[in-house]
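The structure that follows is given in the form of structure tokens.
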Amino acid sequence: MPSPEEASTSTDPVSFSSLGLIKPLLEALEQLKFIEPTEIQEQSIPYALEGRDIIGVASTGSGKTAAFALPILQKLWDEPKGIFACVLAPTRELAYQISQQFEALGSAMGVRCAVIVGGMEITAQAVALAKKPHIIVATPGRLNDHLENTKGFSLRNLKYLVLDEADRLLDMDFGPVIDKILKVIPKERSTYLFSATMTTKVAKLQRASLSNPVRVEVSSKYQTVSTLLQYYCLMPQKEKDTYLIYLANTLAQNSIIIFTRTVHDAARLSIILRTLGFPAIPLHGQLSQSQRLGSLNKFKSGGQRVLVATDVASRGLDIPSVDIVINFDIPTHSKDYIHRVGRTARAGRAGKSITLVTQYDVELIQRIEKIIGKKMELWETDKEEIALLRERANEACRVAANELKEQQNSGKKRKRGGEGGRRDDRDRDDDVVEAGMPTRKRASRGGRR
Amino acid sequence: MEDTPQDVQMGDGDQGQEIVSAKEEMDIEDTTDPYEQHFGCNSVHLSEAARLSVDERAWNLQKSSRGRLGPTHESIPEGCDPGPSIMKGDAILDRLKKPSNARKGVPKDQHDLRNDLLTTLSTYRDLYLSSSSWENRKPTREAISLHLLNHITKKRRRVIKNNERISNATKAGNEPPEDIQDQGFTRPSVLILLPFRSSALAWFSALTTHTPSPEYQIENHTRFTSEYGLPSGAIDKLATAEPGTYPHDHVETFKGNVDDNFRVGIKLTRKSVKPFTEFYGCDIIMASPLGLRQSIQKEKNADYLSSIEMLVMDQLDALTMQNWDHVKFILDHLNKLPKEAHDTDFSRTKPWYLDGHSEYLRQSILLSAYKTPETRQLYNARLKNVAGKIRTDKRWPPIEVPEGVDQNFLRFECGNPKDETDKRFNYFTTQLLPTILKSAVQSSNTVIFVPSYFDFVRVHNHFRKLSVSFTVLSEYSTNQEISRARQAFFSGQKSFLIVTERFHFYKRYKLRGIRNLVFYGPPDHPQFYSEYLSYPFLDDGVESLDVTCRVLYSKYDWFRLERIAGTEEAIELTKSL
């Protein structure tokens, strides 16, 4: 594979029209109040319109979706046909978000999108695909499912393939499925890879079989945006819950995402916070797909101000009004840290992130600091106030523990099959192993046939 | 001919034998063919405006007359042009028409009926024959069968032709053509809902009159006859009885195998008719509502009903006497998006299937001996065919009753169909029954005829509280109970007898010892009314003056009243005061 050539940065002020975009798109941009292109858009669109393959790296919240959506829509306008482009995303929520963006940008030209993700009804998707949508936005597992099992569906006339959050898609979990999909997509196509963090491993990139790609990088890799203020908060391990409640309490007016490492913590914390009167809502892979979308919508609309999520929500989701990201656990991959805190301070807005650090996590935090090239500041805490909260916090923890136990008991029957090794898988949400109930439903259906 | 598994799966039967002649090839491409116009890829009838009108129940009504079918009411979705309301000639393939054309000695009126039916059906409008008598059953079924066969043949021929095109292209190493959209989600396209196995047998023979040997082979024929007829050695006491022993319509309905739990798939190929084919590989599903419902509940989906293009419901009058709930259940599951793929080739699915619009094109054919509120509701609300719908309209003469019997029609006021049952019960218990109980003559030898079982239970419970002797007969009575009740009533031991309409429908006993008749509501079957009015005269020395008859009714009994009193009289009776 030829090494990607580096793109140069120009300094002239540019507008969308000077990038060579056509009128229907400009109108849509105007309606969406996108006034001038972001750096990544400005740099990648001209290459895309030339027909080059692109590797786009830009920090979180910098308009990557539009950077690949606009050129695809423009080409679609020239040559309208069904199943024109396929966008792959690692999570279902992100897939929905990308399709919304396509629909918004392509509203003037009547673009039709289909979202093909796990957890939804297969035949309804088969019908949607048979209607030959212009754009398919999919998670890899389910798309491959359709390619293998849905009679009459193929990607043999596909013109564009996009891998959003490409580094995640090209890594171990998704790799094999992506390989399968790439086998049935024509070689003569344009391929775009986009992410905030991009692997440099040539082996991985080769998976995507790019041809003569240009690498557009608008931030040095692994960077967080400058409008983001990053803090850490030191505490003993056993006081973690109390400190979190203290933080939630002092930051009550803000909209907050709390990231946890496990589904169990996400469920537990959301119960604790709700018990104490905070409008908290969980989002993790053990919820059904409709519950997940419901949670996200409630949070987006501002009905619930606190979202307690696992890494399902860490990548790509654009929720405009997130003020604060709290890392309840330190992410094991420092890349995940960048994606997590990237949920706030998007598109030039300000934002804060607070990472809870216990005596065991000091090394991890130092590693992250090294990668992002910044020192985090200490978040000041009020010892007395925390002491006052302690009793209520412990009480809430007990309530939560009981409630979870009850849920588990009532759900024992349906969970039995999924116990053991699959428990960890549920949170993966990579569609290789599907999260929550739908998997079992499908499995049992398959068994009956 | 043996089907290989591959063939069954592909659903293209005997491709090797399919040689499409030059002439037939021509009419495949013929886009003016009514079949193409209605069920083609770009149906001319299906527009957004039409669908909207149908959904909002905005229909343009017009009256016309259609030969043997009599006067009709026609409904066309507002703002749509569905083409000519009657076809010049039918659109039936010559090959299919040949056998029935060749038949000699068909009475002229039957021949005319056939033609009128075919020209009407060829418009692909829904058709509701609301007063089809049992005399015309056979020719009607044969004509409809021909229409169904025509539909299936045209559809299958197109599919097979396209299969060939695709396989030729692949063989030649070309990309197969992409724009072929010629089928539904699943293969079955015709559903025939019937009350009894005997009706299925009659329909099967109607279908096979058009597929004579040696051009066609009928497989599993003996099995079909044995499963849908009576077991060998059984004597059908209705069919073998002297004419006149049992009422004609009773014999016609109940002779043969009256099991009401069955379903069968029939596959058609160019050269064969094959009953007992698995549902996803068949063209016609013949079933009773009960049988089909059980299958749907067992399979947990009704995907084989997703692509029904023709729905026939025969003997609706008998279906309403069975469980109407099952019928509604089936209709709820028609033309829905399938839950599983069932090897559907989605790239070949017609666009209006993908859009979920197939119910707007389905042609429904309803046959009934008379109108009921249930079937009218079905016609009004459930038939969404954008080509429009036609129902026949019969003007009923007053039914014949023994001369000199004083018929007393008692009307109770009711402004709302929801309160109807309560108002009826109130009127009966507070006004009608007290006057009957006051009179010594009228409070003995009295039959109370209750059309609905629900009302029957209510009236029965009311009588339990009264201190009068009474007995009951319903469809749930055992033979022992029946003979005991008849005996007790005849001997005068019990003064009152409460019967349901279904009891009479299934059993048709002659009841002796009647002097007074009270109809809690008019019966659905007009002949039941005249039968009951004639029963008092079974006993010796009964004068018509000894017999009293009262019929309780409200304006919501219009359909039933019309058949008893006659259309003209019923208008008078229901005129607002």
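Only the coordinates and a few stated rules stand behind these numbers; no lab work does. Because the structure is predicted, anything quoted here is derived from the model rather than measured. Cβ: placed from backbone, ideal geometry, glycine included. Neighbour counts: every protein chain shown.
Calculate, for residue A:23 and residue B:115, the FRET efficiency according to 1/(1 + (r/R0)^6) with r their C-beta to C-beta distance and R0 41 Å; round to the nearest 0.05. List each step's numbers first, then the result.
Values: r = 60 Å, r/R0 = 1.46.
For residue A:23 and residue B:115, the calculated efficiency is 0.10.
I want to verify the translational diffusion coefficient of chain B in µm²/s; compute it with Stokes-Einstein, Rh as the Kirkwood radius over Cα pairs, at 10 °C and 1.306 mPa s. Could you put the intermediate results ahead of the total?
Numbers: Rh = 26.1 Å.
Approximately 61 µm²/s, per Stokes-Einstein.
Counting other beta carbons within 10 Å of each Cβ, put A:337, B:535, B:476 in order, fewest first. Please list the in-between numbers first.
Working: A:337 29, B:535 20, B:476 12.
Arranged by neighbour count, lowest to highest, A:337, B:535, B:476 become B:476, B:535, A:337.
To continue, here is another question. Calculate one ³J(HN,Hα) per residue across segment B:374-382 by plugging θ = phi - 60° into the Karplus curve 6.51 cos²θ - 1.76 cosθ + 1.60, and present them in order as whole Hz with x for glycine and proline.
Result, ordered by residue: 4, 6, 5, 4, 4, 5, 6, 9, 9 Hz.
Let a ≥ b ≥ c be the square roots of the eigenvalues of the Cα gyration tensor of segment A:5-217; is it rounded (a/c under 1.5), or, if not, prolate (a/b larger than b/c) or oblate? Show your work: numbers first, answer last.
Working: a/c = 1.78, a/b = 1.25, b/c = 1.43.
Judged from the Cα gyration tensor, segment A:5-217 comes out oblate (a/c at least 1.5, b/c at or above a/b).
Between residue B:300 and residue A:36, what FRET efficiency comes out of the Förster formula 1/(1 + (r/R0)^6) with R0 = 45 Å and r the beta carbon distance, rounded to 0.05? If you can, show how the numbers build up before the last one.
Details: r = 55 Å, r/R0 = 1.22.
For R0 = 45 Å, the calculated efficiency reads 0.25.
Ranked by Cβ crowding within 10 angstrom, fewest neighbours first, how are B:320, B:421 ordered? Intermediate values should be presented prior to the final figure.
Working: B:320 19, B:421 15.
Ranking B:320, B:421 by Cβ neighbours within 10 Å, fewest first, gives B:421, B:320.
Further, regarding this structure: Evaluate peptide B:348-358: per residue, the Cβ atoms of other protein chains within 10 Å of its Cβ; return the mean as an integer.
Working: counts 3, 6, 0, 3, 0, 2, 7, 2, 2, 0, 0.
That works out to 2 on average.
What are the equivalent ellipsoid semi-axes of the protein assembly as shown, built from the alpha-carbon gyration tensor (square roots of five times its eigenvalues), in whole angstrom, biggest first? Don't skip to the end; give the middle numbers.
Details: eigenvalues 956, 303, 120 Å².
They are 69, 39, 25 Å, listed from largest to smallest.
Mind checking segment B:80-173 for GluC sites (Glu not before Pro) that DSSP puts in a loop (not H, G, I, E or B) and that have at most 10 other Cβ atoms within 10 Å?
Working: sites: B:135, B:142, B:164; in loops: none.
Taking segment B:80-173 and a limit of 10 other Cβ atoms within 10 Å, no loop GluC sites (Glu not before Pro) are found.
Here is a further query. Quick one: work out Rg over Rh on the C-alpha atoms of segment B:527-577, Rh as Kirkwood radius.
Details: Rg = 13.5 Å, Rh = 12.5 Å.
Rg/Rh: 1.08.
Here is a follow-up. Given points 7 Å out from each Cα along the Cα-Cβ axis, report the residue A:406 to residue A:369 separation in nanometres with one decimal.
The modelled label-to-label distance comes out at 4.4 nm.
Post the alpha-carbon centroid distance, segment B:286-327 to segment B:34-76, in whole angstrom.
Cα centres, segment B:286-327 to segment B:34-76: 24 Å.
Among A:194, A:153, B:276, B:490, which comes first, then next, by fewest other beta-carbon atoms within 10 Å?
B:276, B:490, A:153, A:194
Debye calculation, C-alpha points only, no solvent: report log10 I(q)/I(0) for segment B:157-314 at q = 0.13, 0.14 Å⁻¹, in the same order as the q values.
Log10 I(q)/I(0), no solvent term: -0.73, -0.82.
Could you work out, for segment B:131-228, what percent of all Cα-Cα pairs fall into each 10 Å distance bin, beginning at 0 Å and stopping at the bin that holds the largest distance?
12, 33, 28, 17, 9, 2
If each of residue A:151 and residue B:510 carries a label point 7 Å out from its Cα toward its Cβ, how far apart are those two points in nm?
6.1 nm
Given the -39500 (n - 2.57) contribution per DSSP H run of 4+ residues, what per-residue ellipticity at 222 nm results for the protein assembly as shown, rounded to the nearest 500 deg cm²/dmol?
Values: 42 runs with 415 residues, N = 1026.
Calculated at 222 nm, the ellipticity per residue is -12000 deg cm²/dmol.
Less than 14 Å from a label point 7 Å out along the Cα-to-Cβ axis of residue B:403: which backbone N atoms in segment B:533-548 qualify, by residue?
B:544-545
In Å and from the alpha-carbon atoms only, list the Rg and Dmax of segment B:406-574.
Considering segment B:406-574 through its Cα atoms, Rg and Dmax are 15.1, 45 Å.
Quick check: residue separation of residue B:462 and residue B:539 times 0.36 nm, minus the Cα distance between them. What number comes out in nm? Please list the in-between numbers first.
Working: separation 77, 0.36 × 77 = 27.72 nm, distance 2.96 nm.
Between residue B:462 and residue B:539, full extension yields 24.8 nm more.
Find how much the distance from residue B:102 to residue B:242 grows on full extension, using 0.36 nm per residue of separation minus their present alpha carbon separation; answer in nm with one decimal.
On the way: separation 140, 0.36 × 140 = 50.40 nm, distance 3.39 nm.
Separation in residues times 0.36 nm, less the Cα-Cα distance, equals 47.0 nm.
Suppose each label sits 7 Å from its Cα in the direction of the beta carbon; what would the residue B:416-residue A:183 distance come out to in nanometres?
Taking the simple label geometry, residue B:416 and residue A:183 are separated by 6.8 nm.
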